[in-house]
Amino acid sequence: MVSGQRVTIRACAKINLGLEVLGRRPDGYHDLVTVFQTVDLADELTVSFGGKGLRLVAAGLEVPDGRDNLCLRAAEIYFEAAGVEPAATVELLKRIPIGAGLGGGSSDAAATICALQWIIGADVNLQALAAEIGSDVAFFINGGTALGEGRGERLSTSARAASGNVVIAKPDLGISTAEAYGLLGPESYSAGAVTRRLFERLQEGTRLLDSADMLVNVFQPIVETRYPEVGVLREDMLAAGAAVAMLSGSGSAVFGLFATADQARDCAEALRDKGYWIYVGEMIKYSSCASDVHREQR
Ligand code: C5P
């Protein structure tokens, strides 16, 4: 643990290849079954240890301020668990839009605690800290293709990661996760069987596009009723050649899957003229804690 150490780390976005909600819990959260998948769209974080207190310096897309920012909340929770006086600056280059269902804030939080762990190396359980910060945060510690259960924090990682070309697009609106969960009712609940089966097939090595009929998202019909422009975007994506197009998480982003990179690029070109925020990339196996760390001492 040396003051002045800086660690730079990428924080990838996720999409949900399946998302079913089992029911509402007494604590107000919902039990779900989901397949998380990291994609190569990423924020970049540089965490420097030293100074006094916690500071966030943000660039790129807009992010929440102060303690509303999950990076700072994550740093606070890490320092407390480590028994170390809080002293860090997080520089965040934001590329993942917020209110999109792409897990950007959760990924930033996971990257923050991984970076602090590289520097400080305290005897803490990163998975448990992550789950304390938010339901999706634990997934980003190891990333890849994973089945999430409980609030989303109980994870089984697939040794065989899904891969393929993806276009992610977002209409000019953001959706709060809490609001989207509030729109669910008992008629939305299911047993999670389709999503569990999808995960099994991915583990067996079946190509994702061969399981296209198993991609479900409980939020899609509800969000599209409340925000018709999301449904319009999904139809636009299908019309522009996507083999599958589905809402990610609780929205508002929609992702499309493609057999080839050329098809993905053509779709993005067609959508760009309609004024959406757009990303063209790939599903990747990525772990905030295992890869891509750049360290320096000042
Ligand atoms: O855990 P996180 O802070 O990301 O969740 C944000 C909100 O989304 C929660 O306050 C809750 O309203 C809702 N949520 C839920 N069930 C989950 C995850 C999130 O009801 N499994």
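Matching residues to (1) without any contact (Cβ under 8 Å) to a residue 60 or more places away in the chain; (2) among the polar types (S, T, N, Q); (3) farther than 18 Å from Tyr29 by Cβ:
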| position | (1), (2), (3) |
| --- | --- |
| Thr157 | yes, yes, yes |
| Gly241 | yes, no, yes |
| Ala245 | yes, no, yes |
| Ala253 | no, no, yes |
* Of all the residues that make up the stretch 159-183, how many are open to solvent by 20 Å² or more (accessible area, probe 1.4 Å), of a type outside the set (Asp, Glu) and farther than 24 Å from Asp40 by Cα? -> 4
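Residue check: is Leu54 without any contact (Cβ under 8 Å) to a residue 60 or more places away in the chain, touching a Pro at 6+ places or on another chain (Cβ under 8 Å) and not in a helix (DSSP H, G or I)? Quick ask: steps written out before the conclusion?
Details: without any contact (Cβ under 8 Å) to a residue 60 or more places away in the chain: yes; touching a Pro at 6+ places or on another chain (Cβ under 8 Å): yes; not in a helix (DSSP H, G or I): yes.
Taking the combined requirement at face value, the residue satisfies it.
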* Tell me which of these Val63 doesn't satisfy, since it passes every other one: (1) within 25 Å of Ile278 (Cβ to Cβ); (2) over 16 Å from the mean Cα position of the chain (by Cα); (3) not in a strand (DSSP E or B). => (2)
* Among the residues of the stretch 2-12, is any under 19 Å from the mean Cα position of the chain (by Cα) and within 16 Å of the ligand (Cβ to nearest atom)? -> yes
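When you scan the stretch 147-160, how many residues do you find that are among the aliphatic types (A, V, I, L, M) and within 15 Å of the ligand (Cβ to nearest atom)?
At the first step, the residues of the stretch 147-160 found to be among the aliphatic types (A, V, I, L, M) are 147, 155, 159.
Then drop every residue that is not within 15 Å of the ligand (Cβ to nearest atom), which leaves 147, 155.
Total meeting the criteria: 2.
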* Structure fact -> Considering the stretch 73-105, residues that are free of Cβ contacts under 8 Å to residues at least 40 places away in the same chain and not acidic (Asp, Glu), and then whichever is farthest from the ligand (Cβ to nearest atom), we arrive at Gly83
* Is it true that some residue in the stretch 11-31 is closer than 22 Å to Ser252 by Cβ and open to solvent by 70 Å² or more (accessible area, probe 1.4 Å)? -> yes
* Asked: For the stretch 161-187, how many residues meet the condition of being touching a strand residue (DSSP E or B) at 6+ places or on another chain (Cβ under 9 Å) and within 12 Å of the ligand (Cβ to nearest atom)?
  -> 2
* Asked: When the residues of the stretch 118-146 are filtered to those that are within 11 Å of the ligand (Cβ to nearest atom) and assigned to a loop (DSSP other than H, G, I, E, B), which remaining residue is surrounded by the most Cβ atoms within 10 Å (Cβ to Cβ)?
  -> Asp136
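The values are calculated or read from the model by the stated rules, or taken from the named source; none is laboratory data. Values in this document were obtained by computation on a predicted structure and should not be read as measured data. FYI the Cβ positions are ideal-geometry reconstructions off the backbone, even for glycines, and counts take in every protein chain you see. Accessible surface is based on the protein model in full, side chains and every heavy atom, while ligands, DNA and RNA are left aside. Shrake-Rupley method; radii C 1.70, N 1.55, O 1.52, S 1.80 Å.
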